[in-house]
Amino acid sequence: MLNKKKVSRIFLFLVLGIFVFYYITPLYVMVVTSLKTMNEIREGNLFSLPNSINFESWKIAWTGRGEGTSDVFLKPYFFNSLKIAIPALIISTFLGALNGYALTKWKFKGANLIFLLFLFGTFIPYQAILLPMARTLGISTFLGALNGYALTKWKFKGANLIFLLFLFGTFIPYQAILLPMARTLGLLGISNSPVGLILVHTVYGLGFTTLFFRNYYVSISDEIIKAAKVDGAGFFKIFFKILLPVSLPILVVTIIFQFTQIWNDFLFGVTFSFGENAPLQVALNNMVLTSASVKYYNVDMAAAIMAALPTLIIYVLAGNYFIKGLTAGSVKG
Amino acid sequence: MYWLKKNLPKIVVAPSFAVVLWFVYGFIGWTFYISLTKSKLLPNYEFWGIHQYVRLWQMPRWHIAVENLFIFTTLFIVLCIFIGVILSIFLDQKIRSEGVIKTIYLYPMALSFIVTGTAWKWILNPTMGIEKFAHQIGFENFQFDWLVTPGMSIYTVVIAGVWQSSGFIMAIFLAGLRSIDDEVIKAAKVDGASTFSIYTKIVLPMMRPVFMSAIVILVHLSIKSYDLVIALTAGGPGISSDMPAVFMTKMAFGRSEVGLASASAIMMFATVSAIIVPYLYSELRREQDAK
């Protein structure tokens with residue numbers, strides 16, 4: 001009996017161990033490859049250790065070789081991703097908290113239907129909204145092309161004057177238009193810019209953030225809210241003084257989830273941006289896919305690790321919150 | 001003033017709602033309408049009936065994409081659930097180092113599909129990767145070139161996809177196992193049932209809702225899967241590992257077939273809806289019943 005138990009215990013650990021090996025191997029391969037020279041890669045194999053720790057390819061992946069235009073490296077794109085992720089994260093989280101609060105604690109007719117529509121929105125394949133979104137972001141580019149076309153191919157009275165005015169517009173100091181521009185920006189003129197991607201990620205993050213906060217606030221007792229209402233506290237006072245202070249756990253879950261989503265996004269990045277405005281994942285993919293005659297696998301691997309590092313660090317530091325977010329974001333329960 | 005106070009919650013939700021209404025539902029509506037037009041490079045609002053759908057389903061390339069989706073989804077679900085169930089049950093046997101093991105099983109979920117694809121592309125590299133390793137340890141004739149073999153490259157996407165997502169499925173099943181009342185298992189043990197039959201006859205059948213959730217998650221992940229294919233095979237060699245998501249973006253942004261791309265996007269949308277709507281309906285009814 002004891003023997004049988006021991007055997008099954010060994011079998012258990014063997015299987016668990018094999019899978020530890022399975023999950024960890026790719027990371028191991030990435031790390032050792034990134035530390036090897038190309039010669040070592042050609043001579044050794046996937047799993048062989050480097051002769052010496054060599055961070056050269058990390059440096060190249062981060063700042064390039066200094067070879068001019070064909071040189072793709074991650075540093076600027078890393079900051080592009082940060083520039084997109086942080087504002088989008090803050091806006092969508094804040095709005096999500098507010099929505100969750102309004103939908104649960106101030107029930108009104110249709111609140112459930114609205115929540116349902118939010119929820120369904122988190123499941124849609126983004127391909128279904130890709131084209132119109134590209135259009136919204138591309139309106140200014142499109143208008144620019146149209147104007148150019150109209151002004152050159154359909155010459156009309158005053159066309160030259162209009163063109164001059166356009167041209168002049170490109171020379172003015174931007175400070176002169178900053179304030180009115182901020183008011184009229186709206187949906188126009190944000191194609192291929194961090195702003196455009198911030199908008200995209202905010203809009204499509206809203207469903208998730210609302211969902212997280214809504215589900216969290218449902219579980220908070222209504223009695224406290226009622227008491228506060230009786231005391232004359234208003235909508236915002238209750239939100240800021242009562243609910244937000246107890247929202248820390250869900251706030252952490254939401255922030256981690258949103259950050260991971262935005263940081264790891266490729267589809268929006270590749271569709272709505274190009275060139276120097278691309279986010280990190282797009283840059284990584286471009287780097288790996290370069291048609292250069294010599295492939296630098298060590299640099300590719302270093303770049304991949306760099307692209308993964310921020311979310312990996314968050315995962316290691318706050319694994320439980322990370323998993324909670326994943327589960328809530330996919331099971332929606 | 002009173003009106004404002006009374007309607008403040010609605011006013012607060014209204015902007016977000018308007019945004020979602022416009023950017024999600026309005027956009028889907030637009031895509032649907034465009035799928036019913038002749039649109040090529042630019043949208044053309046003249047109604048053309050279901051011609052784009054007919055064209056779509058007559059295209060061999062779309063059939064390849066759908067077939068690949070079918071292969072991928074089936075294997076992805078079966079393997080992820082198989083691995084997830086086994087690992088969660090094994091981890092549930094009071095393992096001392098559970099925390100560490102769980103962390104290792106789940107870390108791939110923190111990586112982007114682009115990173116995963118990049119890593120696996122290197123590991124599966126037909127000359128420098130796993131094949132070379134096998135040659136060096138003595139298996140001279142070992143060949144592993146799925147990545148560049150039409151008809152096989154879709155399986156490399158399965159390998160990388162399962163690697164990334166199976167740990168997460170394990171976590172979902174583990175949470176399900178933990179929520180089962182210990183008394184049930186104890187009672188069965190007293191009755192002399194073996195551990196194996198306790199799990200296959202009692203515990204797993206109780207986890208039906210968890211299986212449902214896992215399948216829904218995996219199906220909708222696989223319909224949306226785009227990044228991983230791009231990073232690993234880019235739909236190649238040729239078009240042999242195209243998936244609907246890849247097909248759609250290639251038609252829309254590479255081939256200027258906006259109407260056709262919209263039709264394929266609506267097909268994806270309809271498939272996800274067909275799975276998600278009943279799922280949400282049953283989930284929410286459960287929530288209502290619980291009240």
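Read the figures in this text as sums done on the coordinates, not as results from a lab. The shown structure was predicted, so the numbers you read here are calculated from the model rather than taken from an experiment. Glycine also receives a Cβ, built like all others from the backbone with ideal geometry; neighbour counts cover every protein chain displayed.
Numbers for the structure displayed
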| quantity | calculated |
| --- | --- |
| Shielding by partners - mean other protein chain Cβ count within 10 Å, residues of A:42-48 | 5 |
| Under the span-like rule (Cα at least 27 Å along the axis, Kyte-Doolittle mean at least 0.5), DSSP H helices of chain B | B:2-20, B:60-91, B:153-178, B:258-290 |
| Residues B:Met207, B:Met248, A:Met38 arranged by fewest to most Cβ contacts within 10 Å | A:Met38, B:Met207, B:Met248 |
| Segment B:116-173 versus segment A:192-223: alpha-carbon centroid distance in Å | 36 Å |
| Per-residue Cβ neighbour rank within 10 angstrom, fewest leading, A:Phe208, B:Phe133 | B:Phe133, A:Phe208 |
| Out-of-range pairs (alpha-carbon distance over 27 Å; input A:Lys6/A:Lys324; B:Lys38/B:Lys121; A:Lys75/B:Lys224; A:Lys6/B:Lys102; A:Lys6/B:Lys189; A:Lys295/B:Lys132) | A:Lys6/A:Lys324; B:Lys38/B:Lys121; A:Lys75/B:Lys224 |
| Segment B:85-150: trypsin sites (Lys or Arg not before Pro) in DSSP loop, at most 11 other beta carbons within 10 Å | B:Lys94, B:Arg96 |
| Chymotrypsin sites (Phe, Trp or Tyr not before Pro) restricted to DSSP loop in segment B:20-105 with at most 15 other C-beta within 10 Å | B:Tyr45, B:Trp48 |
| Efficiency of FRET between A:Ile90 and B:Tyr2 - r from beta-carbon atoms, R0 35 angstrom, step 0.05 | 0.60 |
| Sparse-neighbourhood loop sites, trypsin sites (Lys or Arg not before Pro) in segment A:79-109 - DSSP loop, at most 10 other Cβ within 10 angstrom | A:Lys109 |
| Computed lengthening from B:Leu42 to B:Lys10, 0.36 nm per intervening residue step minus Cα-Cα distance | 7.7 nm |
| FRET efficiency, 1/(1 + (r/R0)^6) with R0 35 Å, evaluated for A:Leu116 and B:Thr74 via beta carbons | 0.70 |
